[in-house]
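Engineer: Input: one structure, supplied below.
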């Protein structure tokens, strides 16, 4: 459920130093950008300072030539501010994008080791998108988070020094005011904000919970006549939240108000000590206006800091999640010593295997045996969560074996390189991924050097020829983001074609018909079994239609094999498989895929048993 | 990277009128903001005049510190006044924002409750919760930053020009001409670069998706032994992305460059012009300084408006999502509260047809059947043929498009939906469990049920053993979506609700789907006990469940066959 995200408590935060270290590859650009940004603020201050001097000097009616330098300076600062800002933004974004390239490569290299089971995210698309988004948002480090602090230091020091050079007391006043506004003000506002937030958090949590109940449980609430009561619960939580908000109104604005006051007071203070200095003859008349107006402009450097602090906090949170990915342990370590790669023909033997996902506590496979000889075809059926996909993952060395063994021609797969194992055992997963790009590019993932003729051939074997001939651009048709322009069936078929092109001696098909309508799923299964004839195949499915074509069916439940044998033998036994099969018949008696399997009422004795069953042991109205 | 002038979507003016319609305090806040804006502008002018006068009196008229002290005190007062007014403004904004958020939230809650579960689909519903809580929190900056800045961007330049006009008309003209140039030039630059930016944005989107594409496809790449080879592709495409982005940004940042150039260079022009006329003796120092201090203030609100616009866009976007839901019409409902008892009269469904908006084919098509009092009827058929929809229609959770449902001769359309539902107990396929105690969850069946009634219902649903094992028993708080309970236990929780409800008619939606053998038997036992003496409609696939029905109705997408026993 996504609704609980906003109330999540403070996640473990990455240490600031480690977060800042991420920016190391772009240090040069970061410094340049910061200096340009400082230049922009200095231009603003310079504009006010030189203009004030120009006007004060002009009031003394000197000859025009003595003003020439000041006039040029005023115009220079007037023009340069915009240009500095423009340069700062370009350099900053350039740095950010360079950083992005570094971080993406780092994240990718790490994710490659973790995929697909080392990170729960690989089972949830939205989490994966979140990781990618986190990597992308780390760019902010060099645009919004770090530079404002650098600029504040550079501009603050230069401005205070200049002011102190003109009048030490004025420099002191400005330094004091600036320091207060970057230390006491944020401390105070942070304290107030935290107090406000902590009083909010609980009430907001109640409100979110009440609203989640109202929306997610809407059907139940309405059906049981409890919707009204739930609306009242929401109303109460909302009233409480609004009352707290009203009573703490203005806390966020205190920081800004204090900064405005400090800027004005600094200006007043400088004016006062300036007047005293002018009267005493320590300060020239032309400088009084300068030291009064500069503080007003100088406070611009403070204005950007609250947003920078927020940005830094956001980056830190994104960095924590980024480090979580890069620090995650590898689920399947490579062997220290790799045994020689076995050669064809391949026998795969799964012997009394127990296995668990790295993130889960309970084993997903309990004592499973399976043997794939060349050309043998096995189907694995059972409800979701029965361990079917884990069996596939173990065979591909995506999940480590806890006890028992998976062996390729007698060599345990732990002693082979993962890539070596996956050269032999291929998988078309239920979520087989189609990349954005052309059909040909997707097929080339299977075998890079495949010719167009070979591509057409495998597409024909998975029954896509008819569709392909209708495409004006043929193999060069764009399939859209993650294959969005293709139908579910076309996506699965392209995925299988890709696997056929890779020519795996042993092929695992995991729920190829998932996300398809029943007729489509059965047609696909039939096509796949035909296309992979002669190859060792393990077909994972929860549909039983068409399974009379495989050599052995394994029925799994709760991680273990409860029945195994040929389709007909299992039906005769009348156990769980027969039950499932009858249920499927009942569900789809009228579905158009009926031709793919024998009709229950004509073919099998179990069907007759069932037809009689409503009479047995039932009650009369 | 996004630029306000670059986007082309049509917006309903700077303030969405719907915000005024749905929230009570907003209009008053706008009036208050104008007033505060006026005071702020006045204090700005006072501050500038005081500084200029002080400096001039000391440097030109050679006054002492004591003589200008009253002016300095006034200056401190005006400075503190400005900060104070700013804070009052924020306080007003916070209050207005809190009340507007509450208004929107409650309107949304009331409306979604009235729309019922069919009004907002599940996936959108959870997003709506985020929008209505943290999403519209972004309205804070809309109220505290954008709206005040919007008014200041008008009030302050006008005030500055008016005041400067009295002091030095040439400068006033200069400011009056350049301020409007800013939005004008920004619009021109936006129009000139818009096409280019949009063209490049398409390329950027494609490149931006590439990394996610590769990461999402990592398991697949690994299967084909191609994952490691893609590191170079990641680097290459990101570099390409950078080049393209920088090209876009060079153009996109132009409009803010124009803004900065115009704003600061105009100030420089004013300063130089004033300085030269001062030199010529046409102007006094105090006037010149006064103009110099005020000139940048005329441009400042415009410069800040751009930033606050971005900050507020998010909040308005969330508000718009809320408005969309609020504008959906409510379904009509009947009002007959004297509902016939389905344990005494027939339920007649006649030529029922249901369409879902946005789907071309009807979910149910011309379905007719009758359920007699006390009968147990099973509905079966391929998935997607409308079995659950049928139950939803009977519950009044989905609209009845054409055809009719009569209870003892009264049409379902005319019945008060709440009174009718009081006659029903529903066990959905995937029951929603609330993150409350087990007792509270069961009590949904009958809100005023006593403790002992709840316990009895739990026992009848076969859950007493499970609940007995928990240290807190029925007071155990469940996790979200019933976390902590197995699928079978969740089903039996729903059955316990139905036991507690003790309604004459039962609607069961595949109560044994997705359960393994042993659990299925336990749930079936509970279902058998529940059905004793009641009329029931069961959506079912499994032979074991079909076996306890008196009659089976087979649904298919196209036709309906009713096989009488």
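The values are calculated or read from the model by the stated rules, or taken from the named source; none is laboratory data. Worth saying up front: this structure is predicted, and the values here are computed from it rather than measured. Virtual Cβ from ideal backbone geometry, glycine too; neighbours counted across all protein chains shown.
Engineer: Checking residue A:518 against (1) more than 30 Å from the chain's Cα centre (by Cα); (2) modelled with pLDDT of 80 or more, only one condition comes out false. Which one?
Structural biologist: With respect to (1) more than 30 Å from the chain's Cα centre (by Cα); (2) modelled with pLDDT of 80 or more, residue A:518 is out only on (2).
Engineer: Out of A:602, A:620, A:609, report the one residue that is surrounded by fewer than 16 Cβ atoms within 10 Å (Cβ to Cβ), within 12 Å of another protein chain (Cβ to nearest Cβ), at pLDDT below 80 and part of a helix (DSSP H, G or I).
Structural biologist: A:609
Engineer: Sticking with this one: Which numbered condition in (1) over 33 Å from the mean Cα position of the chain (by Cα); (2) over 30 Å from residue A:46 (Cβ atoms) is the only one that residue A:159 fails?
Structural biologist: Answer for residue A:159: the failing condition is (2).
Engineer: Confirm whether residue B:197 is crowded, with 18+ Cβ neighbours inside 10 Å, touching a helix residue (DSSP H, G or I) at 6+ places or on another chain (Cβ under 7 Å) and either within 12 Å of chain A (Cβ to nearest Cβ) or at pLDDT below 85 (or both).
Structural biologist: Here the answer is yes, as residue B:197 does meet what is asked.
Engineer: Which residue out of B:68, B:55, B:109 is in contact with a helix residue (DSSP H, G or I) (Cβ under 7 Å, 6 or more places away or on another chain), at the interface with another protein chain (Cβ under 7 Å from one of its Cβ atoms) and within 30 Å of residue A:232 (Cα to Cα)?
Structural biologist: The unique qualifying residue is B:109.
Engineer: Of the residues A:132, A:157, A:182, which is surrounded by fewer than 21 Cβ atoms within 10 Å (Cβ to Cβ), without any contact (Cβ under 8 Å) to a residue 40 or more places away in the chain and within 30 Å of residue A:92 (Cβ to Cβ)?
Structural biologist: Testing whether each residue is surrounded by fewer than 21 Cβ atoms within 10 Å (Cβ to Cβ), without any contact (Cβ under 8 Å) to a residue 40 or more places away in the chain and within 30 Å of residue A:92 (Cβ to Cβ) leaves just A:157.
Engineer: Ok, one more. Which count do you get for residues in segment A:266-298 that are at the interface with another protein chain (Cβ under 7 Å from one of its Cβ atoms) and surrounded by fewer than 20 Cβ atoms within 10 Å (Cβ to Cβ)?
Structural biologist: Result for segment A:266-298: 3.
Engineer: Out of (1) at pLDDT 85 or above; (2) within 14 Å of chain A (Cβ to nearest Cβ), the odd one out for residue B:204 is which?
Structural biologist: So residue B:204 meets the others, but not (1).
Engineer: How about segment A:2-37: which of its residues are within 18 Å of residue A:160 (Cα to Cα) and either surrounded by fewer than 23 Cβ atoms within 10 Å (Cβ to Cβ) or modelled with pLDDT under 85 (or both)?
Structural biologist: Matches in segment A:2-37: A:35 only.
Engineer: Out of segment A:137-181, which residues are over 17 Å from residue A:283 (Cβ atoms) and outside any helix (DSSP H, G or I)?
Structural biologist: A:138, A:139, A:146
Engineer: List the number of the failed condition for residue B:114; all other conditions in (1) within 7 Å of chain A (Cβ to nearest Cβ); (2) in contact (Cβ under 8 Å) with a residue 24 or more places away in the chain; (3) closer than 30 Å to residue B:432 by Cβ; (4) surrounded by fewer than 18 Cβ atoms within 10 Å (Cβ to Cβ) hold.
Structural biologist: For residue B:114, the failing item is (1).
Engineer: Count, please, the residues in segment A:321-351 that happen to be surrounded by 12 or more Cβ atoms within 10 Å (Cβ to Cβ) and over 20 Å from residue A:113 (Cβ atoms).
Structural biologist: Residues flagged as surrounded by 12 or more Cβ atoms within 10 Å (Cβ to Cβ) and over 20 Å from residue A:113 (Cβ atoms) within segment A:321-351 amount to 9.
Engineer: Continuing with this model, one more query. Please verify whether segment B:287-303 includes one or more residues that are within 9 Å of chain A (Cβ to nearest Cβ) and on the phi > 0 side of the Ramachandran plot.
Structural biologist: No - not one qualifying residue is present in segment B:287-303.
Engineer: Filtering segment B:365-392 down to residues that are under 17 Å from residue B:538 (Cβ atoms) and away from chain A (no Cβ under 12 Å), which residue is modelled with the lowest pLDDT?
Structural biologist: Among residues in segment B:365-392 that are under 17 Å from residue B:538 (Cβ atoms) and away from chain A (no Cβ under 12 Å), the one modelled with the lowest pLDDT is B:386.
Engineer: With B:156, B:189 as the choices, which residue is in contact (Cβ under 8 Å) with a residue 60 or more places away in the chain, more than 17 Å from the chain's Cα centre (by Cα), surrounded by 23 or more Cβ atoms within 10 Å (Cβ to Cβ) and within 30 Å of residue B:292 (Cβ to Cβ)?
Structural biologist: B:156
Engineer: Follow-up. Kindly check whether there is at least one residue in segment B:499-508 that is modelled with pLDDT of 90 or more, in a helix (DSSP H, G or I) and within 12 Å of another protein chain (Cβ to nearest Cβ).
Structural biologist: Looking through segment B:499-508, at least one residue is modelled with pLDDT of 90 or more, in a helix (DSSP H, G or I) and within 12 Å of another protein chain (Cβ to nearest Cβ).
Engineer: Please state which one of A:309, A:259 is closer than 30 Å to residue A:39 by Cβ, more than 8 Å from chain B (Cβ to nearest Cβ) and crowded, with 21+ Cβ neighbours inside 10 Å.
Structural biologist: A:259
Engineer: Taking the conditions exactly as written (more than 8 Å from chain B (Cβ to nearest Cβ) and assigned to a helix (DSSP H, G or I)), does residue A:237 satisfy them or not?
Structural biologist: yes
Engineer: Applying the selection to segment B:274-286, what residues are more than 7 Å from every other protein chain (Cβ to nearest Cβ), in contact (Cβ under 8 Å) with a residue 24 or more places away in the chain and farther than 17 Å from residue B:160 by Cα?
Structural biologist: Within segment B:274-286, B:277, B:283, B:284 qualify.
Engineer: Mind checking whether some residue in segment A:462-481 is free of Cβ contacts under 8 Å to residues at least 60 places away in the same chain, surrounded by 20 or more Cβ atoms within 10 Å (Cβ to Cβ) and within 14 Å of chain B (Cβ to nearest Cβ)?
Structural biologist: yes
Engineer: Moving on. Would you say residue A:555 is in contact with a helix residue (DSSP H, G or I) (Cβ under 7 Å, 6 or more places away or on another chain), farther than 28 Å from residue A:441 by Cβ and in a strand (DSSP E or B)?
Structural biologist: Judged against the criteria, residue A:555 is a match.
Engineer: Hey, any hits in segment A:77-99 for a residue that's more than 9 Å from chain B (Cβ to nearest Cβ), in a helix (DSSP H, G or I) and more than 44 Å from the chain's Cα centre (by Cα)?
Structural biologist: No, that holds for no residue.
Engineer: Looking only at segment B:75-87, which residues are crowded, with 17+ Cβ neighbours inside 10 Å and either more than 7 Å from every other protein chain (Cβ to nearest Cβ) or out of contact with any helix residue (DSSP H, G or I) (no Cβ under 9 Å at 6 or more places or on another chain) (or both)?
Structural biologist: Of everything in segment B:75-87, those that are crowded, with 17+ Cβ neighbours inside 10 Å and either more than 7 Å from every other protein chain (Cβ to nearest Cβ) or out of contact with any helix residue (DSSP H, G or I) (no Cβ under 9 Å at 6 or more places or on another chain) (or both) turn out to be B:78, B:81, B:85.
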